[in-house]
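Structure record follows, encoded as structure tokens.
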Amino acid sequence: MTDNPLLEPIDWNGRWKAFQATRRHADDASYWDERSKTFSSADAPSEYVHQFLRLAAIRPGETVLDMGCGTGALSVPLGQRGHGVVAADFSAGMLGVMEGTLAEKGVTSVRPVQMSWEDDWTAHGVGEKSVDVCVASRSMAVADLSAALDKLIAAARRRVCVTLATGSSPRMDNRVFRVMGLPEDSAKDYLFAFNILADKGFYPEVAYIRSVRHNLFVSRKDAMERYRKMAAGAMEKLDEPQRQQALARLEAWLGEQLIAANDEAIRYAQDHGSLPQGHEGELLRLRDPQVTTWAFLSWDAGSGQ
């Protein structure tokens, strides 16, 4: 403690926990087990994946822990390149989809492990300095960010690479909030991670990856209802006339945006488990797809205090 409050260290993880408490609770394994039923294969190689692997700069022959691997967006191409990969996720369903893809492609160097951020990693064979590189792609919606970062640092011999949101979650489209005249959803998770790492003595480098998201709808009514649910929390403080005005603005915007889905949007939905189930007839998409910018943080695992 000092007499000058400006010199007091900032508890970034404490602020992160307080911030997390105001947000939607992180999904549990059962949510992703159910979501996995809508995936036909692992995420197809996308521009996001290409950019992540380019920035990660994993060296030939290095081993990797892919924490929160999902259906294998990173693990599958890494395995195809000959890397030994521990592909960890808390959802058995998502791991099952990845295992099917690995078998289909004849990849044998990836070891699926059902493991959460809170588990004892050593019990799952992920001990101290057990891999060369740890990656966590869009998977750090955890209550204790500092502890999660510590686990990645402990497991990595050389390098750690993660991506975190720079603004709203991909499930929250800020265009909708602006159109409706509502406060925008803002996260900037990467700022917490950067400051936590800096306090630990690391020097994280930051780059940015833009990711395009295509949402499909079975009807205009379907689109209206899904975006109404998205904005429900932000509309709680509005009175009824204000709420109706906000919904009217949303309906007008969707009237301008909704068009017939093209092949690109349908392929995206198939690869990402977002294709509406049981649909018949033409699907709709937004004329302008949602774009999310991710912060790519990387650092030398041995450079901290």
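Here is a yes/no grid of residues against (1) part of a loop (DSSP other than H, G, I, E, B); (2) of a type in the set (A, V, I, L, M, F, W, C); (3) in contact with a Lys or Arg (Cβ under 9 Å, 6 or more places away or on another chain); (4) outside the structural domain of GLY72 (by TED's automatic domain parsing):
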{"position": "MET94", "(1), (2), (3), (4)": "no, yes, yes, no"}
{"position": "ASP119", "(1), (2), (3), (4)": "yes, no, no, no"}
{"position": "GLU128", "(1), (2), (3), (4)": "yes, no, no, no"}
{"position": "ALA136", "(1), (2), (3), (4)": "no, yes, no, no"}
{"position": "ASP150", "(1), (2), (3), (4)": "no, no, yes, no"}
- Query: Of all residues in region 52-72, how many are crowded, with 24+ Cβ neighbours inside 10 Å and assigned to a loop (DSSP other than H, G, I, E, B)?
  - Reply: 5
- Which members of region 170-196 meet the condition of being surrounded by fewer than 16 Cβ atoms within 10 Å (Cβ to Cβ) and hydroxyl-bearing (Ser, Thr, Tyr)? SER186
- Item | region 170-199: number of residues that are part of a helix (DSSP H, G or I), over 13 Å from LEU297 (Cα atoms) and at pLDDT below 90 | 1
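Do you know which of the residues in region 202-212 that are crowded, with 18+ Cβ neighbours inside 10 Å and not polar (S, T, N, Q) is nearest to GLN51 (Cα to Cα)?
Applying the first criterion (crowded, with 18+ Cβ neighbours inside 10 Å) to region 202-212 yields 202, 204, 209, 211.
Of the ones still in play, those that are also not polar (S, T, N, Q) are 202, 204, 209.
Details: PHE202: 23, PRO204: 18, ILE209: 7 Å.
Checking each candidate, the answer is ILE209.
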- Task: Any residue in region 230-259 that's more than 19 Å from ASP185 (Cα to Cα): show its pairings with residues that are surrounded by 16 or more Cβ atoms within 10 Å (Cβ to Cβ) and of a type in the set (Lys, Arg) at Cβ separation under 7 Å, as long as the two are six or more apart or on different chains.
- Result: ILE259/ARG285
- What single numbered condition from (1) in contact (Cβ under 8 Å) with a residue 60 or more places away in the chain; (2) not in a strand (DSSP E or B); (3) not hydrophobic (A, V, I, L, M, F, W, C) fails to hold for ASP132? (2)
- Item | Any hit, region 95-104, residues being out of contact with any Ser or Thr (no Cβ under 8 Å at 6 or more places or on another chain), modelled with pLDDT of 95 or more, among the aliphatic types (A, V, I, L, M) and surrounded by fewer than 21 Cβ atoms within 10 Å (Cβ to Cβ) | yes
- Check region 276-283 and report whether any residue there is at pLDDT below 95, out of contact with any helix residue (DSSP H, G or I) (no Cβ under 8 Å at 6 or more places or on another chain) and in a helix (DSSP H, G or I). no
- Message: Quick check on my filter: what residues within region 226-257 are farther than 14 Å from GLY181 by Cβ, among the hydrophobic types (A, V, I, L, M, F, W, C) and modelled with pLDDT under 95?
- Response: MET230, ALA232
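Are any residues in region 73-90 part of a helix (DSSP H, G or I) and either crowded, with 20+ Cβ neighbours inside 10 Å or in contact with a Gly (Cβ under 8 Å, 6 or more places away or on another chain) (or both), and if so, which ones?
Let us first name the residues in region 73-90 that are part of a helix (DSSP H, G or I), namely 75-80.
Scanning region 73-90 gives SER75, VAL76, PRO77, LEU78, GLY79.
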- Query: Which of the following residues is surrounded by fewer than 20 Cβ atoms within 10 Å (Cβ to Cβ), acidic (Asp, Glu), over 21 Å from the mean Cα position of the chain (by Cα) and more than 16 Å from ALA88 (Cα to Cα): ASP144, ASP199?
  - Reply: ASP199
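The values are calculated or read from the model by the stated rules, or taken from the named source; none is laboratory data. Because the structure is a prediction, the values reported are computed rather than measured. Cβ coordinates were reconstructed from backbone atoms using ideal geometry, including for glycine residues, and neighbour counts include every protein chain displayed.
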